[in-house]
Structures are given as structure tokens and as C-alpha cells.
1. Out of B:Gly29, B:Gly9, which single residue is at pLDDT below 90, assigned to a helix (DSSP H, G or I), within 30 Å of A:Val27 (Cβ to Cβ) and open to solvent by less than 90 Å² (accessible area, probe 1.4 Å)?
2. So, in segment B:38-49, of the ones that are at the interface with chain A (Cβ under 10 Å from one of its Cβ atoms) and open to solvent by less than 90 Å² (accessible area, probe 1.4 Å), which residue ends up nearest to the chain's Cα centre (by Cα)?
3. Going by the structure shown, is A:Ile15 within 11 Å of chain B (Cβ to nearest Cβ), open to solvent by less than 100 Å² (accessible area, probe 1.4 Å), of a type outside the set (S, T, N, Q) and outside any loop (DSSP other than H, G, I, E, B)?
4. Considering each of A:Trp143, A:Trp173 in turn, give the residue that is open to solvent by 70 Å² or more (accessible area, probe 1.4 Å), within 14 Å of chain B (Cβ to nearest Cβ) and among the hydrophobic types (A, V, I, L, M, F, W, C).
5. Give all pairs with beta carbons closer than 9 Å in which a residue from segment A:85-102 that is surrounded by fewer than 13 Cβ atoms within 10 Å (Cβ to Cβ) meets a residue that is of a type in the set (Gly, Ala, Ser); count only pairs at least 6 apart in sequence or on separate chains.
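The values are calculated or read from the model by the stated rules, or taken from the named source; none is laboratory data. Everything quoted here is computed from the prediction, not taken from an experiment. When we count neighbours, we look across all protein chains shown, and the Cβ atoms used for this are built from the backbone with ideal geometry, even at glycine. The protein model used for the area step is the full one, side chains on, heavy atoms only, and it has no ligands, DNA or RNA in it. Shrake-Rupley method; radii C 1.70, N 1.55, O 1.52, S 1.80 Å.
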Amino acid sequence: MVTLFKLSESDKRFIIAILLLVVLVFVLIGFIGSIVVRVMKWQGKKIDTLCRDAVVARVVKNPKHFKRYAMKKNNATFFKESRIPLIILLVSGLTYLLSCIFLKMWPYNIFDYKDTGFTTLFYIWDFSDCYQEFFGVKLLSKWPTNAINTPHFSVNAIGSYIFVVTFLVGMIWYLIVVQRFIARLIRIIKLADSIYSKSLENYNMADAELEERKRSMGE
Amino acid sequence: MGSILKKFGQGILYLFVLPLLLVAVAIFGVYGIFLFIILMIKSIILFFKGKSLQSDLPEDIEAKRILYPEKVEPKAEVEEREPIYIVDRDTDRIDEDRMAARYAIEEEKARRAIEEDRRKEIETSYDEEEEDDFDEEPLLLDNEEKIEPNIEDDSEEVEEEDFEEEEDVESEKLTVDELMDDEEEEEDIPTLEEESKIKVDDSDDDFEEDHNLIYKDWGDK
């Protein structure tokens, strides 16, 4: 038997460890995904509350009408929910604009670590000497030792601090609102199919007739 | 073990589908901004119409009318009044004419009560004004003379006179019975002697003087 390469015991353990790590990562992603799906199902239930009365009272009579009515409700809810995050985003935009005006910098660099950017609050490492060529590819070979910037507060960077914080909060909030909107939209499509469907699943004509006769005999 | 493998499979699926999901979220995000702008314009228009974007749709109103009729159409709070039933003894039926007359009397009583209250209010306010005027009299030193403007005095007099007239009118209105008695007293027929006296009274000195003056004027001419 020809063997191309021989694996030592330690190599085998290493490969098994890597495989387990990969499996664990994918399982973790699967868990996160299933949690997101569950959350979206829970978020979509909002449309049940919004449309329940009209459906139960049989005011909405067909799937097309239901979709139109539910979309109006969904849009109104989206408008109501997205007001605050969009205002926060607007505030962040205004902050950026005012920073540009006061510092007379067009454009105003929010990533500058020396004076005006929010990165003045972080360590900036020098990675220039940390790469080594490995089969023609530059790879990170060691942890950098030189820090270009140490955290410090800069007055000129106040605008960027406010901008970054408000932008992140507003954007994440807005994306969650969009996610809710999508969840409700999926729920509307599902409900439009399910509410007005007439199923013959588990229906047997003979059994039905038998039950009918039993009822008439009982009376 | 099976569930872990299932999650592992789902993980691979989500990892491959994730970019597409992110793109979808980004597209909906941009769509949401446009939707927000359109709905904001719509809400502004609705605001000036006195409505709101969150207000009930026609379907909701219809559904509420069907499911919760009491909430949609609450009973109107009508001021209830105890009815006065007058029954005709002969026919044992409600006499509508007499009932209407009774209601009219009740209304008249209420109207008179209101007028009486108003009159009292006017009287009390007048008394207060008088008291105020008395209080507002300026304190003078021994050497100073009290100067009273004639215009104000006249106006006060006029007001007083008007008020007296009003009082008279109201007294006429309110004491109809008394006036009726007075008229009966005045209806006494005068005798011939009294009539002659009245004629004599007509030939007053003043009257003659006036005539003489007229004659004098004519004589000059």
C-alpha cells in the first residue's frame, strides 16, 4: 500500500481538534440562526394582534384584501417604530455636519487617531514589521510591540465621538426595526395563505356520513 | 447527537445564506427610508385633516362596530326630566293639551325665577357701585375745595334715572296683579263738579300769560 503522507499521533489529534472546532463554530452559527428565526416568528405575531378583529368579524374577506389591509397596518407600525432611530441617525448626521463647519475640514475624518477621530480613544498598533512571507504570501507572524497611538481625549474629536455613538445606536436600532418589518411581512404572506385555506386533510366522506346518521339517531 | 448535527447543517446553511440575508435587510432598510418619507408626508397631510396615521382604518371601524357595538356607539347621556302626567278623569286618558299647558307654566316659572335672580344681581351690583363711589371720595385738606366735574355728575344722574325707569318697568312686569287693582281704583267716574274744577284748573295764570304773549306778538305785528 502506497502512502502519500504519514500522520503522527499529534498531527491526528491536531486535525481532530480543528475539525471539532469547525463543527462547534457551525453549530454555534446554527444556534444563532435558529434563535434569530424564533425571534422573527415572535416579532411577526404582532400582525395577528393588529389584524385579528377585522378577520374574526369577517370584514376582510379574501387573501388579497387581507394582504392589502395587513400591509397598511404593517407600514403604519413601521413608521411608528422607526421614528426614534431615524431621529437619532439625523442627529448623528447633524453632529457630523456641525463638526465639519466648526473645524473647517471637508471631509471631516472620523477615523483619524491623532486629533479629530474617535480612534483617539483606542490603542493603535504598528503592524508593519509583523508580517513574513510564506510561500509568496504575506502572513501575520507576530504580535506588534509598538503602539502608534495610546488612548487620549481630544477636544477636536468630540464631534466624532458623538457621531459614532449616535450612528451606531441609531443604525442598530433601525436594523432591528427593519427586521421586525420583514418578520411581519413574512407572517402576512403565511397568514394570507392559511386563514382562507379550505383543507380536506383528514376528511373522510364515509366517516362524515356516519357521524351525521349518529347525530340524527340521537335526536 | 442528532440535534447537534442538525444545528451543524443549519449553521453551514446560514453561513452561505447570510450574505443574501444581509443584502435583503439592506434593501429593505433603504426601502424603509423611502417608505418613512412617504408616510411622513402622508401623516402631515392627515394631521391637517385632523386625522392620524395610527387612527383606525375603515375595516377596523367596521370590525369594532360588529364585535364591540357598545364601545363604538355609547348611549347618549340625555338629561332626564320627570314627566308630568295629567289624566282626564272622564276618559282615563292622558290629557295632552293640559300637559302642554302645565309644561308652559313650568317654563314660565323658571323664566321668572331667572329674571328675578337677574334683577337681584343688578340691585346688588348697583348698591356695590354706590358704596364704591362713596369710598372713592378723595380725602381733602381744610384749605382744599372739592371740585366735581359736571359731566360725570350728569352721567351718574342719567344712569340713575335709567335704572329707576328699568326698576319701574320691572315692577310693572312683576306686579301685574297690583296694577290691575290700581286700574280698578282709577276707574272711579268723576262727578260734574270735579269736571268743572278740572276746566277751571285749565285756565291757569301761566296759560293766560302764554296766550297774552301770543296776543301781544300779534298786536305788534
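1. On the way: B:Gly29 fails: at pLDDT below 90.
Unique residue meeting the criteria: B:Gly9.
2. First pass over segment B:38-49, keeping only residues at the interface with chain A (Cβ under 10 Å from one of its Cβ atoms): B:38-40, B:42-43.
Among the residues that remain, those that are also open to solvent by less than 90 Å² (accessible area, probe 1.4 Å) are: B:39-40, B:43.
Numbers: B:Leu39: 44, B:Met40: 42, B:Ser43: 38 Å.
Going through the qualifying residues, I end up with B:Ser43.
3. no
4. On the way: A:Trp143 fails: within 14 Å of chain B (Cβ to nearest Cβ).
After applying the criteria, what remains is A:Trp173.
5. A:Ile87/A:Gly170; A:Leu90/A:Gly170; A:Phe102/A:Gly159
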